[in-house]
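The values are calculated or read from the model by the stated rules, or taken from the named source; none is laboratory data. Since the model is a prediction, treat every value here as computed from it, not as a measurement. Cβ atoms come from the backbone with ideal geometry, glycine included; neighbour counts cover every protein chain shown. Quick note on the areas: whole protein, heavy atoms, side chains included, nothing else; ligands and nucleic acids left out. Shrake-Rupley method; radii C 1.70, N 1.55, O 1.52, S 1.80 Å.
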Amino acid sequence: ALRASAAPVMTQQHKALDAYAAQAAVAEPAAREVPPVEEAASNTGSSISVDAEVIDAAVLVSSVSSAHSEPQAAREMDLEHRQEMEEEEIEVVALKWTIVVGLVCLILTFLIAHYLESLHFDYLPEAGVAVLLGIAASAIFKMAHGGMMMADMRFDFEFFMIWLLPPIIFEAGYNMNRKAFFDNIFPTALFAFIGTVMSAFTVAGFMVYAGEAGISHPMGGLAALTFGSLISATDPVTVLAVFQALGVKVDLFSMVFGESVMNDAVAIVLSRTMLSFKYAEINAVNIALAGVLFLKIFIGSTLIGVLFGMLSSYVMKHAHMSHHEDALFKESVLVAAFAWASYYVAEAYELSGIVAILFCGIVMAKYTRDNLSEQAQTLTSRTFKVVALLSETFVFVYLGMAAFAFPIWDHIGWATVAVALFACFVGRTHIYLFSYITNFCFRSGPDPAMPPITTTYMHVMYFSGLRGGVAFAISAVGFQNMDFPENGDSMVVMQTTLVIALFTIFFMGGTITDLARYTGVLERDNPTIAPKHKTLVQDSMFGKIDKLTIRPFLTHHHKGVDAEVDFDYDSNDCRIAALTIQKSWRKKSSPASRKKVAPLLASKVKSTDVELGAPAASAAPAQLSTEDKVDQLRMQVPGASSDDLRKILATTGGDMAAALKIAKK
C-alpha cells in the first residue's frame with residue numbers, strides 16, 4: 001500500500017533523474033573544454049535545480065521507509081510482550097505444579113505417619129517423614145533439571161512468616177491449657193526470654209573462638225551473634241506431638257510448650273535486632289540503642305496483641321452472640337478477624353506480628369473463650385487446630401525441599417556444624433540454672449503452691465530443644481539478602497542451621513518417646529498431684545486484680561470467681577470453682593437469704609460431690625489444713641459462715657465429725 005501511494009511521486013522523480021542524466025551526457029564533451037562564464041553559470045543553475053529535485057526524492061523515500069519501519073518496531077515490541085507473557089505463564093504453571101507436589105507430600109506424610117504409628121514405630125516422627133518426602137521431591141527435580149520448580153521450592157521467608165507461622169503460633173496460644181500455663185509462667189518466661197539470650201551469646205562465643213583457633217569457619221562477630229540468635233529458637237512440633245500422644249504430665253508439657261512458643265518470637269526479634277548493627281559501629285551507645293530497639297519491638301507487639309485480645313473479649317461479651325445458635329459461625333469469624341488484625345497492625349507499625357498474635361491468642365484463651373457459646377468454643381478450637389496442623393506439617397515438607405533447592409551441600413564445613421551443635425548443647429544448660437532458681441525462689445518451703453521442678457523434668461526439657469522452621473527461615477532470608485557476604489558467612493549460617501535442624505528432628509525427635517517412657521514422666525505412671533487451689537486472699541497481686549476487676553469487666557463472671565477450668569482438668573476443679581461462687585454469693589447475700597436456700601444448696605452439693613468424686617468430710621482429716629476443713633464443712637452446712645466454722649473447729653480441736661454435728665445444730 002505504501003509503494004502504491006508513493007508510485008506517482010517516485011515516477012516523477014525518476015523522470016527528473018533521467019533528464020539530469022541526459023543533460024550530463026550532452027554536457028560531457030563541452031565539460032572537457034573551458035566553458036564561458038555565462039555557460040558555466042547556466043549549467044550550475046540547472047545542476048542545482050536538478051540536485052534539489054533529487055534531494056526531494058530522497059526525503060520522500062526516507063519518509064516512506066520510516067513509515068514502513070514503524071509497524072515493524074510495533075511488531076517486534078508485540079513479539080517481546082508475547083514472549084514475556086509466555087514466560088510468566090510457564091512460571092505460574094511451574095508454581096502450581098510445585099504446590100501440587102507439596103500437597104502430595106502432605107497427604108503422604110499423614111498416611112505414612114499414621115501407618116508407622118499403627119506399627120508402634122516411634123523412631124521416625126511425623127516431622128521426619130515430612131522432611132524426607134520434601135528432600136525426595138527436591139532431589140528428583142534437581143536431577144530432572146527442573147530449574148523453575150526448584151526456585152519455587154526455596155524456603156521463602158515472607159511466605160513462611162505471613163502464611164505458615166502465624167496460624168501455628170496463634171493456635172498454640174488459643175488452645176493452651178490456661179491454668180497449667182499460668183501456674184508455670186515464671187520458669188517458662190525465664191527459659192524463653194533470658195535463657196534464649198544467654199544461649200545466643202553462648203553459641204556466638206563458641207563460633208568466634210573456634211573460628212579464631214582454626215577449628216571451624218572463621219565467622220565474623222555479628223554473623224556469629226545472628227546465628228546464635230536464630231539457632232536458639234526451639235521447635236515444639238515434634239516433641240509436643242509425642243507428649244500429647246503419650247500423655248505426659250501437664251506441668252511438664254506446659255513448660256516445654258510455653259518455652260518453645262515464646263522463644264520463637266524472642267529469637268525472631270533478637271536476630272532482627274542483631275542485624276541493626278550491619279550499618280552501625282559496635283560500641284556502648286549502639287548496644288544500648290539495640291537493647292532499646294529489642295524492648296520496643298517486643299513490648300510494643302505484646303501490647304498490641306493484648307489490646308486486641310481484650311477488645312475481642314469485650315466485644316463478644318456485649319454482642320450476646322452466644323445466646324443465638326445461628327451466630328455460631330459469626331463468633332468464630334470474629335475471633336479469627338481480631339487475631340489477624342493484631343498481626344497486621346503490629347507489622348504496619350514495623351513491630352513483630354508473631355509476638356502480637358501469640359499474646360492475642362493467650363489473652364483470648366483467658367477471657368474471650370469464656371464469652372463464646374460451647375459450640376463456638378469447640379468450632380474455633382478445632383478449626384485453628386486443623387489449620388495449624390496443615391501449616392506446621394508443610395513447614396517440615398518445605399524444610400526438606402530446601403535441602404537441594406539451596407546450595408546446602410556445596411563445600412559444607414562439617415567441623416563448623418560439629419562446633420555449632422556442641423555450642424547449642426552447652427547453651428541449652430540454662431534449663432538447669434533457671435529450674436534451680438525457680439525452685440529456690442518460689443517452690444521451696446513446707447507448703448509451696450506448685451511442686452518443685454524435678455531433675456527428671458530438667459533432663460526431659462533439656463532434650464526437648466529441637467530446631468526447625470523458624471531458625472532456618474531466618475537463615476535462608478539472610479542468605480538471599482546476603483547479610484554477611486564477606487567470607488561466605490551467610491551461606492555457612494544457612495548450611496549449618498539446616499544440618500542442625502535435620503539432626504535434632506531425626507535423632508532427638510526419634511528418641512524422645514523412649515526418653516519419656518524411661519524417665520517416668522507419663523501421667524499414667526505417676527499421676528500429677530493437682531496444685532493447691534489458692535483463695536482470693538492467698539492469690540498473687542495480679543490474680544487479685546484479675547479476679548476483682550479485669551475478669552468481671554471482660555467476661556460474665558462475677559468478682560472473685562476463678563474460672564480457670566478447662567475441659568481436660570480434673571473434675572475436682574469444678575467443685576472448687578463452685579465453692580468460690582458460693583463464697584462470693586455469701587458475701588453479697590443476707591443471712592436470711594442464706595438460711596432460706598441452705599437446704600437446697602446442701603442437697604445439690606451432696607449430689608455433686610457423689611458425682612464428681614469429692615472427698616467426704618471424714619476422709620483423711622489429718623491431711624487437711626484448717627481452710628480445707630472449712631471448705632469441707634461449708635459443703636455440708638452451706639448456711640454457716642467461714643468464721644463460725646473456724647471457731648467450731650478450734651473448739652473441737654480439728655475433729656471434723658464433732659464440728660459437723662455442732663455446725664448442723
Problem - Options Ile299, Ile268, Ile304: the member that is within 19 Å of the chain's Cα centre (by Cα) and surrounded by fewer than 22 Cβ atoms within 10 Å (Cβ to Cβ) - result: Ile299
Handout entry: Among residues of the stretch 451-469, those that are farther than 15 Å from Val131 by Cα and either of a type in the set (Phe, Trp, Tyr) or touching an Asp or Glu at 6+ places or on another chain (Cβ under 7 Å) (or both), counted
Key = 3
Exercise for the section: Could you check, for the stretch 272-284, whether at least one of its residues is acidic (Asp, Glu) and closer than 23 Å to Ala172 by Cβ? Expected result: no
Practice task
Taking the options Val477, Val460, name whichever one is open to solvent by 10 Å² or more (accessible area, probe 1.4 Å) and either under 18 Å from His217 (Cβ atoms) or among the aliphatic types (A, V, I, L, M) (or both).
Solution key: Val477
Handout entry: Output for the stretch 435-453, where each listed residue is open to solvent by less than 10 Å² (accessible area, probe 1.4 Å) and assigned to a helix (DSSP H, G or I)
Key = Ser435, Thr438
Handout entry: Residue under evaluation Ile135, criteria (1) open to solvent by 50 Å² or more (accessible area, probe 1.4 Å); (2) within 20 Å of Phe404 (Cβ to Cβ); (3) not aromatic (Phe, Trp, Tyr), criterion not met
Key = (1)
Exercise for the section: Name the residue, out of Met161, Met149, that is farther than 23 Å from Ala113 by Cα, at pLDDT 85 or above and open to solvent by less than 50 Å² (accessible area, probe 1.4 Å). Expected result: Met161
Exercise for the section: Tell me which of these Tyr343 doesn't satisfy, since it passes every other one: (1) of a type outside the set (Val, Ile, Thr); (2) open to solvent by less than 40 Å² (accessible area, probe 1.4 Å); (3) at pLDDT below 95. Expected result: (3)
Exercise for the section: Return a yes/no flag: does the stretch 339-346 have any residue that is among the polar types (S, T, N, Q), within 20 Å of Pro167 (Cα to Cα), assigned to a helix (DSSP H, G or I) and within 21 Å of the chain's Cα centre (by Cα). Expected result: yes
Completion exercise
Residues of the stretch 281-290 being part of a helix (DSSP H, G or I) and either among the β-branched types (Val, Ile, Thr) or out of contact with any Ser or Thr (no Cβ under 9 Å at 6 or more places or on another chain) (or both), in sequence order, are Ala284, Val285, Ile287, Ala288
Handout entry: Residues satisfying the stated conditions in the stretch 115-141, i.e. more than 23 Å from the chain's Cα centre (by Cα) and of a type in the set (Asp, Glu)
Key = Glu117, Asp122
Exercise for the section: Please work out if Ile99 is closer than 23 Å to Ala473 by Cα, open to solvent by 50 Å² or more (accessible area, probe 1.4 Å) and either of a type in the set (Val, Ile, Thr) or free of Cβ contacts under 8 Å to residues at least 12 places away in the same chain (or both). Expected result: yes
Exercise for the section: State yes or no: is Ala130 in contact (Cβ under 8 Å) with a residue 40 or more places away in the chain and open to solvent by less than 70 Å² (accessible area, probe 1.4 Å)? Expected result: yes
Handout entry: So Tyr349, is it within 23 Å of the chain's Cα centre (by Cα), of a type in the set (Phe, Trp, Tyr), surrounded by fewer than 24 Cβ atoms within 10 Å (Cβ to Cβ) and within 30 Å of Cys105 (Cβ to Cβ)
Key = no
Handout entry: All positions within the stretch 482-510 that are touching a helix residue (DSSP H, G or I) at 6+ places or on another chain (Cβ under 8 Å), surrounded by fewer than 24 Cβ atoms within 10 Å (Cβ to Cβ) and either under 22 Å from Ile168 (Cα atoms) or not charged (D, E, K, R) (or both)
Key = Met482, Phe484, Ser490, Met491, Val499, Ile500, Leu502, Phe503, Phe506, Met508, Gly510
Practice task
Give the stretch 198-219 a look and list any residue that's among the β-branched types (Val, Ile, Thr), closer than 20 Å to Ser490 by Cβ and open to solvent by 20 Å² or more (accessible area, probe 1.4 Å), or say none.
Solution key: Val208
Fill in the blank from the handout: Among Lys278, Lys330, the single one that is modelled with pLDDT of 90 or more and assigned to a helix (DSSP H, G or I) is Lys330
Practice task
Assess whether Glu374 counts as being more than 26 Å from His556 (Cα to Cα) and at pLDDT below 95.
Solution key: no
Problem - When residues of the stretch 71-96 are limited to those that are open to solvent by less than 70 Å² (accessible area, probe 1.4 Å) and over 30 Å from Ser391 (Cβ atoms), the one modelled with the lowest pLDDT - result: Pro71
Practice task
Could you tell me whether Ser322 is at pLDDT below 90 and among the polar types (S, T, N, Q)?
Solution key: yes
Exercise for the section: Could you list, in sequence order, all residues of the stretch 212-228 that are without any contact (Cβ under 8 Å) to a residue 60 or more places away in the chain and small (Gly, Ala, Ser)? Expected result: Ala213, Gly214, Ala224
Problem - Residues of the stretch 364-413 classified as touching a Leu at 6+ places or on another chain (Cβ under 6 Å) and of a type in the set (Asp, Glu), total - result: 0
Practice task
May I ask you to say which residue of Tyr349, Tyr457, Tyr436, Tyr398 is closer than 29 Å to Ile297 by Cβ and modelled with pLDDT of 90 or more?
Solution key: Tyr349
